[in-house]
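What follows is a single structure, written as structure tokens, with notes after it.
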Amino acid sequence: MDTRHDQLYQQDVHDPYLRHWHARGDALCPECGVSYQAGAGRWSWEGLDDAEHAERALCPACRRIADKAPAGNLTLAGSFVKDHTDEICNLLHNTESLEKREHPLERLMTITDEPEGLVVTTTGIHLANRLGHALEAAFKGHVDYTYSDDRTALRVRWERN
Ligand SMILES: [Zn+2]
């Protein structure tokens, strides 16, 4: 096991959605089409050399969506949010597209209008982190990041008035 793989494994061991994949063979998600390349221990959109013999299994991202179990939770608060909802949603979707291309398990789950502001959920903490930085870069405001102790979940609060 090389160092990089080992590091990934160290992170994944805490995340119940990623934990067991290292022990499995090639897999293909019937929901979104992402594939797991067991030899490389990675997920990609590139497909498999031998897709026919790959296991059909929901990928961790689709499983989180099915379970309604986000890894990332963002609250976008403040009067600016109400007046610029379309621009903000565009930024969220564009940022997701960029992230998802390279990291297929990082996806937007839901964007909902709640009394405290827009609430956004993601399947991965990296996308949640990137969205926080994208909001700050595009619109300024103030942002806070709170990781869970095992770093499998992230809460982001962005506020601009
Ligand atoms: Zn999937």
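Matching residues to (1) in contact with a Pro (Cβ under 8 Å, 6 or more places away or on another chain); (2) near the ligand (Cβ under 9 Å from one of its atoms):
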{"position": "Glu31", "(1), (2)": "no, yes"}
{"position": "Ser44", "(1), (2)": "yes, no"}
{"position": "Glu55", "(1), (2)": "no, no"}
{"position": "Ile65", "(1), (2)": "no, yes"}
{"position": "Ala71", "(1), (2)": "no, no"}
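In this structure, does Ala27 turn out to be open to solvent by less than 40 Å² (accessible area, probe 1.4 Å), farther than 27 Å from Ala153 by Cβ and within 16 Å of the ligand (Cβ to nearest atom)?
The answer is no for Ala27.
For (1) touching a residue at least 40 places away in the same chain (Cβ under 8 Å); (2) in contact with an Asp or Glu (Cβ under 7 Å, 6 or more places away or on another chain); (3) open to solvent by less than 50 Å² (accessible area, probe 1.4 Å), each residue gets a yes or a no:
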| residue | (1), (2), (3) |
| --- | --- |
| Ala77 | yes, yes, yes |
| Glu106 | yes, yes, yes |
| Asp113 | no, no, no |
| Gly117 | yes, no, yes |
| Arg130 | no, yes, no |
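How many residues are assigned to a loop (DSSP other than H, G, I, E, B) and under 18 Å from Lys82 (Cα atoms) when one looks only at the range 112-161?
6
Suppose we keep only residues that are in a loop (DSSP other than H, G, I, E, B) and out of contact with any Lys or Arg (no Cβ under 7 Å at 6 or more places or on another chain) within the range 33-42. Which one would you say is nearest to the ligand (Cβ to nearest atom)?
Among those that are in a loop (DSSP other than H, G, I, E, B) and out of contact with any Lys or Arg (no Cβ under 7 Å at 6 or more places or on another chain), it is Val34.
Just checking, does the range 83-90 include any residue being open to solvent by less than 30 Å² (accessible area, probe 1.4 Å), within 21 Å of Leu18 (Cβ to Cβ) and of a type in the set (Val, Ile, Thr)?
no
The values are calculated or read from the model by the stated rules, or taken from the named source; none is laboratory data. Every value quoted in this text rests on a predicted model; they were computed, and no experiment measured them. Methodologically, a virtual Cβ is constructed for each residue, glycine included, from the backbone with ideal geometry; neighbour enumeration extends over all protein chains shown. Protein only, heavy atoms only, side chains kept; ligands, DNA and RNA dropped before computing areas. Shrake-Rupley method; radii C 1.70, N 1.55, O 1.52, S 1.80 Å.
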